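Report on the structure given below.
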Amino acid sequence: MPTLPPAATPANQSALDDVTLSQSGLSAPSGKPGRILLIACGALAREIMALKKGNGWDHMDLTCLPAILHNHPERITDAVRQAVASHRKDYERIFVVYADCGTGGHLQAACAEMGVEMIAGPHCYSFYEGNAAFAERDEATTFYLTDFLVRQFDAFVWKPLGLDRHPELREIYFGNYEKLVYQAQTDDPALTDHARLCAERLGLAFERRLTGFGDLETTLTDWAKHGRE
């Protein structure tokens, strides 16, 4: 199994920063654990914490794997396996807040084997918009960004693709795309302006969709009921 970066251990889970979430993730809180543990991608941490706080889901704890695994989907399944094994003894229920995310069905098979439920959908872009609505659109020539990926565009898109060193590669990577869709989880004008700039840098048309939390909220609401039965 691949060796993961050490888990982050912030004193307060509300003190989230994108660099830590990208490279180290987020550890489960110390002390008495809740009845439910969510194992999530670091790119979803802020949204999940907002939902936890807004709904009073104090019985649900959160731990996140490094968001940079978004760029290495072949590592996600083993990382989730490790996390489930590490925390199973401390929690009555564990849920995995990853969609397939490029694992080719391997994550779903692993979750079924371990007896843990995961969020439905091919990736976060789908469940943010709503899996049914996303499937109906069938936008093969669209490049998507979320709030997190807009903030971390250079770290997750521009630099990993080498566009900071070789901007001429843009046409190779994005020549078949027509537009960039910013799926906004929050109504933030500054983020919208930055997302529009990302589209310009990629040479793509720009569209903003205020998705909110989509099926992420629906799924977590359903899971939260288990700890209150």
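When segment 117-135 is filtered for residues that are touching a strand residue (DSSP E or B) at 6+ places or on another chain (Cβ under 7 Å) and in contact (Cβ under 8 Å) with a residue 60 or more places away in the chain, the ones remaining, listed by number, are Glu117, Ile119, Cys124, Tyr128, Glu129. In the condition set (1) more than 20 Å from Cys111 (Cα to Cα); (2) out of contact with any helix residue (DSSP H, G or I) (no Cβ under 7 Å at 6 or more places or on another chain), Glu74 is compliant with all but (1).
Go over the candidates Ala67, Ala132 one by one and state the one that is surrounded by fewer than 21 Cβ atoms within 10 Å (Cβ to Cβ), of a type in the set (Gly, Ala, Ser) and at negative phi. Even if it seems obvious, please write down each step before you answer.
Working: Ala67 fails: surrounded by fewer than 21 Cβ atoms within 10 Å (Cβ to Cβ).
Every option except Ala132 fails the conditions.
Just one of the listed residues (Leu69, Leu51) is modelled with pLDDT of 95 or more, in a helix (DSSP H, G or I), more than 19 Å from Glu117 (Cβ to Cβ) and not basic (Lys, Arg), and it is Leu69. Within segment 97-116, can one find any residue that is touching a residue at least 60 places away in the same chain (Cβ under 8 Å) and touching an Asp or Glu at 6+ places or on another chain (Cβ under 7 Å)? No, because not a single residue in segment 97-116 is touching a residue at least 60 places away in the same chain (Cβ under 8 Å) and touching an Asp or Glu at 6+ places or on another chain (Cβ under 7 Å).
For the subset of segment 85-114 comprising residues that are among the hydrophobic types (A, V, I, L, M, F, W, C), out of contact with any strand residue (DSSP E or B) (no Cβ under 6 Å at 6 or more places or on another chain) and in a helix (DSSP H, G or I), which member is nearest to Gly25 (Cα to Cα)? Per the criteria, the residue is Ala85. Residues in segment 48-72 that are closer than 17 Å to Gln23 by Cβ and of a type outside the set (A, V, I, L, M): Thr63, Cys64, Pro66, His70, Asn71, His72. For segment 56-77, the criterion of being under 17 Å from Asp222 (Cβ atoms) and under 14 Å from the mean Cα position of the chain (by Cα) is satisfied by at least one residue.
The values are calculated or read from the model by the stated rules, or taken from the named source; none is laboratory data. Bear in mind the structure is a predicted one, so any value in this text is a computation, not a measurement. For neighbour counting, all protein chains shown are included, and Cβ atoms are generated from backbone atoms with ideal geometry for every residue, glycine included.
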